[in-house]
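Heads up, the thing below is written out as structure tokens.
The values are calculated or read from the model by the stated rules, or taken from the named source; none is laboratory data. Every value quoted in this text rests on a predicted model; they were computed, and no experiment measured them. Here the Cβ is made from the backbone with ideal geometry for all residues, glycine too, and neighbour counts use every protein chain on show. Ligands, DNA and RNA are stripped out before the accessible areas are found, and what is left, the full protein with its side chains, is counted by its heavy atoms. Shrake-Rupley method; radii C 1.70, N 1.55, O 1.52, S 1.80 Å.
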Amino acid sequence: MSSVTANRLKKGMLIKMGDDLLRVFDTHHLTQGNKRAHMQAKMRDIRTGRIVDHKFRAEEDVERAILEEHEMQFLYKDGSDFVFMDQESYDQSHVSPAALGDAADYLVESAVAIIATYQGDIVSVEIPASVELVISETEPGVQGDRVSGATKPATLETGKVIKVPLFVNTGDKVKVDTRTGDYITRV
């Protein structure tokens, strides 16, 4: 457990306040007249996603949280849980859909993710910015239907529905942006 004074908080730091793990994404140093200096910090709770504003005294000690990150491979789905295997120790971990968040929409067998834990609890799952997935179902493209920018719904092999251009067909492999869920290109 390490601590840092509030005036040394920086964007990207992970701190612990009570039971909450917070990632700092904005800081402002405030000095009002002849009053003591303060550090205003905007933070995001990494478990719930809520935004927290907090004002610290400049000399106040803040507890830093250190995450352990492991590169893990997705093996299979066990009920509602997702089973991952640590690629170094071969230990298996069950991850709940809540911990995965939107990443669950892009996981296929053998996909690799970086799983961050804090004191044994999984707090975040990071997948690549884009993944290649197969279209399992979509309406067939019609010859001559070339409206610029027109899209149609398509179901990915994971079950997620995205919008794709009219020329994409069932069985095509496409690249999808995992941050936005947008179609990038056909592979």
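A few remarks follow.
- For segment 1-17, residues that are under 23 Å from the mean Cα position of the chain (by Cα) and in a loop (DSSP other than H, G, I, E, B) total 5.
Yes or no, residue by residue, for (1) farther than 28 Å from Ile66 by Cα; (2) in contact (Cβ under 8 Å) with a residue 60 or more places away in the chain:
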{"residue": "Tyr106", "(1), (2)": "no, yes"}
{"residue": "Glu109", "(1), (2)": "yes, no"}
{"residue": "Asp121", "(1), (2)": "no, no"}
{"residue": "Ile135", "(1), (2)": "yes, no"}
{"residue": "Gly159", "(1), (2)": "yes, no"}
{"residue": "Pro165", "(1), (2)": "yes, no"}
{"residue": "Val168", "(1), (2)": "yes, no"}
{"residue": "Asp172", "(1), (2)": "yes, no"}
{"residue": "Thr185", "(1), (2)": "yes, no"}
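- Unique residue being of a type in the set (A, V, I, L, M, F, W, C) and modelled with pLDDT under 90 when the list is Phe82, Phe167: Phe167
- Per-region count, segment 107-121, residues open to solvent by less than 60 Å² (accessible area, probe 1.4 Å) and among the acidic types (Asp, Glu): 0
- Residue selected from segment 48-79 under the condition of a type in the set (A, V, I, L, M) and exposed (fewer than 13 other Cβ atoms within 10 Å of the Cβ), by the criterion modelled with the lowest pLDDT: Ile66
- In segment 1-22, residue surrounded by the most Cβ atoms within 10 Å (Cβ to Cβ) [restricted to those that are without any contact (Cβ under 8 Å) to a residue 40 or more places away in the chain and in contact with an Asp or Glu (Cβ under 9 Å, 6 or more places away or on another chain)]: Leu22
- Identity of the residue in segment 23-47, in contact (Cβ under 8 Å) with a residue 24 or more places away in the chain and closer than 19 Å to Ser124 by Cα, that ends up surrounded by the most Cβ atoms within 10 Å (Cβ to Cβ): Met43
- Scanning segment 163-187 for residues that are touching a helix residue (DSSP H, G or I) at 6+ places or on another chain (Cβ under 9 Å) and either open to solvent by less than 30 Å² (accessible area, probe 1.4 Å) or under 12 Å from Leu133 (Cβ atoms) (or both) yields Val176, Thr178, Gly181.
- Test: residue in segment 93-111 that is over 21 Å from the mean Cα position of the chain (by Cα) and either modelled with pLDDT of 85 or more or under 23 Å from Thr178 (Cβ atoms) (or both): no
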